[in-house]
């Protein structure tokens, strides 16, 4: 356990075992473990909004599973195109390092989220509005993803120093990851679980596309 | 089968289109093997695209998925058949030395790049198809994905055309000056002597090769070393700084004249437009949820008008 926490600490500090590891699979496994464990932690905290009575622990479990699923699902969907485009741009030699860099950034996001979990719990104890709870969680995710981006840039620095083209591919990755991630987040709703609705994993009635809904909303604002 | 995928990987890495590998005036790839890979990758993307029809709210349309899986590879192969004759003829008109088989290999290789990118984006398309009910959104997403894949495929085509033209040059130059006399090594066995002679010829050509090298950006000395028929295994000269040329790298200050460059641009244009229109004729690929399944739809308007209309439909 201590060694795992030490490795998690290394993720935040940009330790060299992550990208320049002699055992890449072990490094990747540790990073994925980091994403799962810390993602579960924040998810569980996020799901406690409706309390812990009745069937509400189920919501805690669902929310806990959703955070690692969101991060890793988005990563896996974006991975094939990332690999092909990296190869096509002549960066195949650095592909392993680049992939570990993006996984490490996600491990960083999960770790930051887990560190913010006590704030979320404190907020839940002090405020009752569901809408505000959503906004608070959105703020936590924003902070975590900004930290993740910073970490990603740090891991990418040696790669960019080696070949400037990595900068373009880093941007491409961020765009694709965000594009998929937003829809993934939309699909996995509810993360928090309104106290007035029954506990469920997916919200069947609001199955849809985040972008279409946002585009319609924007259009309504413009047309009015 | 695995071997063919390895060949495609070689194209993607840019190994197949290094100047050294283009010495013989064509991209050395197995045409049939890569064609099979193209069909498989096209089918994978077709299935990803067809998941939208499979998850219709009223009833799943299995035929649409099957149709998409067949049509996607067909779209690319038909585009190839339509454009090949004119591309070859116009290329020959401007004096390029590409022979029909070389042109075919080049087109197959760039289709391979196109489909590798396309199918790698397949999981994202499938994910959005599963979670979205908006038909216009899926149409536009697919158009975007095809456009990205097409642009990368076409820029591969353009860069490889440039490289093929450049790769033709040193052979012409090299044949003119006779190799300077050089002390013959005592021939112990016949093959070794043959190798020695070949190496000496390569050495003689080396200054020219270096000149050629200077015209390329980022090309490592080892590229030219690989070009020589040396018996020794090729060692990157500066392994620390060795940067292999990517498949899409531009050759700077290349010695291509304006005519040839113009024709190359026309290739890209023709290939893109024909591809879009063939795609339009072969629709539906995705399947409008409000219409019954059909293999083909009646002729109507054109691709670009339809995309604009879809964009409009997204909001209304």
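Does segment A:65-86 include one or more residues that are in contact (Cβ under 8 Å) with a residue 24 or more places away in the chain, away from every other protein chain (no Cβ under 14 Å) and surrounded by fewer than 20 Cβ atoms within 10 Å (Cβ to Cβ)?
Step one: filter segment A:65-86 for residues in contact (Cβ under 8 Å) with a residue 24 or more places away in the chain, giving A:65-75, A:77-78, A:81-82, A:85-86.
Now restrict to residues that are away from every other protein chain (no Cβ under 14 Å): A:65-68, A:71.
Subset that is surrounded by fewer than 20 Cβ atoms within 10 Å (Cβ to Cβ): A:65.
Scanning segment A:65-86 turns up at least one residue that is in contact (Cβ under 8 Å) with a residue 24 or more places away in the chain, away from every other protein chain (no Cβ under 14 Å) and surrounded by fewer than 20 Cβ atoms within 10 Å (Cβ to Cβ).
Regarding segment B:131-140, can at least one residue be identified that is facing chain A (nearest Cβ under 10 Å), without any contact (Cβ under 8 Å) to a residue 40 or more places away in the chain and either touching a helix residue (DSSP H, G or I) at 6+ places or on another chain (Cβ under 6 Å) or farther than 16 Å from residue B:260 by Cα (or both)?
Taking every residue of segment B:131-140 in turn, at least one turns out to be facing chain A (nearest Cβ under 10 Å), without any contact (Cβ under 8 Å) to a residue 40 or more places away in the chain and either touching a helix residue (DSSP H, G or I) at 6+ places or on another chain (Cβ under 6 Å) or farther than 16 Å from residue B:260 by Cα (or both).
Going by the conditions given, is residue A:117 away from chain B (no Cβ under 14 Å), surrounded by 19 or more Cβ atoms within 10 Å (Cβ to Cβ) and within 21 Å of residue A:56 (Cα to Cα)? First the steps, then the outcome.
Details: away from chain B (no Cβ under 14 Å): yes; surrounded by 19 or more Cβ atoms within 10 Å (Cβ to Cβ): no; within 21 Å of residue A:56 (Cα to Cα): yes.
The answer is no for residue A:117.
Taking the residues in segment A:186-200 that are away from chain B (no Cβ under 14 Å) and touching a helix residue (DSSP H, G or I) at 6+ places or on another chain (Cβ under 6 Å) as candidates, determine which candidate is surrounded by the fewest Cβ atoms within 10 Å (Cβ to Cβ). So that I can check it myself, show each step before the final result.
Taking segment A:186-200 as the starting set, the residues that turn out to be away from chain B (no Cβ under 14 Å) are A:190-200.
If we keep only those that are touching a helix residue (DSSP H, G or I) at 6+ places or on another chain (Cβ under 6 Å) too, we end up with A:191-195, A:199.
Details: A:191: 21, A:192: 20, A:193: 25, A:194: 15, A:195: 13, A:199: 17.
Across segment A:186-200, the extreme among qualifying residues is A:195.
Would you mention how many residues in segment A:4-23 are over 22 Å from the mean Cα position of the chain (by Cα) and modelled with pLDDT of 85 or more?
Result for segment A:4-23: 0.
Conditions first: (1) assigned to a helix (DSSP H, G or I); (2) over 17 Å from residue B:146 (Cα atoms); (3) without any contact (Cβ under 8 Å) to a residue 12 or more places away in the chain. Residue B:291 passes all but one, so which condition is the exception?
Status for residue B:291: all satisfied but (1).
Quick check on my filter: what residues within segment A:38-97 are outside any helix (DSSP H, G or I) and closer than 28 Å to residue B:125 by Cα?
A:89, A:90, A:91
Looking at segment B:278-287 only, could you name the residues that are touching a helix residue (DSSP H, G or I) at 6+ places or on another chain (Cβ under 6 Å) and either over 20 Å from residue B:143 (Cα atoms) or assigned to a loop (DSSP other than H, G, I, E, B) (or both)?
Listed by number, the residues that qualify are B:282, B:285, B:286, B:287.
Let me spell it out: the conditions are (1) at pLDDT below 90; (2) under 26 Å from residue B:248 (Cβ atoms); (3) facing chain A (nearest Cβ under 10 Å), and residue B:124 meets all of them except one. Which number is the exception?
Going through (1) at pLDDT below 90; (2) under 26 Å from residue B:248 (Cβ atoms); (3) facing chain A (nearest Cβ under 10 Å) one by one, residue B:124 breaks only (1).
Scan A:7, A:29 and give me the residue that is buried (at least 18 other Cβ atoms within 10 Å of the Cβ), free of Cβ contacts under 8 Å to residues at least 40 places away in the same chain and outside any loop (DSSP other than H, G, I, E, B).
A:7
Each row is one residue, and each column tells you yes or no for (1) away from every other protein chain (no Cβ under 12 Å); (2) in contact with a helix residue (DSSP H, G or I) (Cβ under 6 Å, 6 or more places away or on another chain); (3) touching a residue at least 40 places away in the same chain (Cβ under 8 Å); (4) more than 17 Å from residue B:111 (Cβ to Cβ).
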position: B:3; (1), (2), (3), (4): yes, no, no, yes
position: B:9; (1), (2), (3), (4): no, no, no, no
position: B:14; (1), (2), (3), (4): no, no, yes, no
position: B:27; (1), (2), (3), (4): yes, yes, yes, no
position: B:41; (1), (2), (3), (4): no, yes, yes, no
position: B:45; (1), (2), (3), (4): no, yes, yes, no
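For segment A:150-185, name all the residues that are more than 14 Å from chain B (Cβ to nearest Cβ), under 13 Å from the mean Cα position of the chain (by Cα) and either assigned to a loop (DSSP other than H, G, I, E, B) or without any contact (Cβ under 8 Å) to a residue 40 or more places away in the chain (or both).
A:174
Tell me which residues, restricted to segment B:290-316, are surrounded by 12 or more Cβ atoms within 10 Å (Cβ to Cβ) and more than 14 Å from chain A (Cβ to nearest Cβ). Step through it out loud before you land on a result.
Initial filter on segment B:290-316 (surrounded by 12 or more Cβ atoms within 10 Å (Cβ to Cβ)): B:293-294, B:297, B:302-304, B:306-307, B:309-311, B:313-315.
Those that are surrounded by 12 or more Cβ atoms within 10 Å (Cβ to Cβ) and more than 14 Å from chain A (Cβ to nearest Cβ): B:293, B:294, B:297, B:302, B:303, B:304, B:306, B:307, B:309.
Being part of a helix (DSSP H, G or I) and crowded, with 19+ Cβ neighbours inside 10 Å is the filter here, so list the residues in segment B:124-134 that pass it. Steps first, answer last, please.
Taking segment B:124-134 and keeping what is part of a helix (DSSP H, G or I), we get B:124-131.
Listed by number, the residues that qualify are B:124, B:125, B:126, B:127, B:128, B:129.
Please verify whether segment A:201-214 includes one or more residues that are more than 11 Å from every other protein chain (Cβ to nearest Cβ) and in contact (Cβ under 8 Å) with a residue 60 or more places away in the chain.
Taking every residue of segment A:201-214 in turn, at least one turns out to be more than 11 Å from every other protein chain (Cβ to nearest Cβ) and in contact (Cβ under 8 Å) with a residue 60 or more places away in the chain.
Scan (1) in contact (Cβ under 8 Å) with a residue 24 or more places away in the chain; (2) in contact with a helix residue (DSSP H, G or I) (Cβ under 7 Å, 6 or more places away or on another chain); (3) within 14 Å of chain B (Cβ to nearest Cβ) for the single condition residue A:219 breaks and write down its number.
(1)
The values are calculated or read from the model by the stated rules, or taken from the named source; none is laboratory data. Source: prediction; values computed, not measured. Quick reminder, even Gly has a Cβ in these numbers, built from the backbone with ideal geometry, and neighbours come from all protein chains shown.
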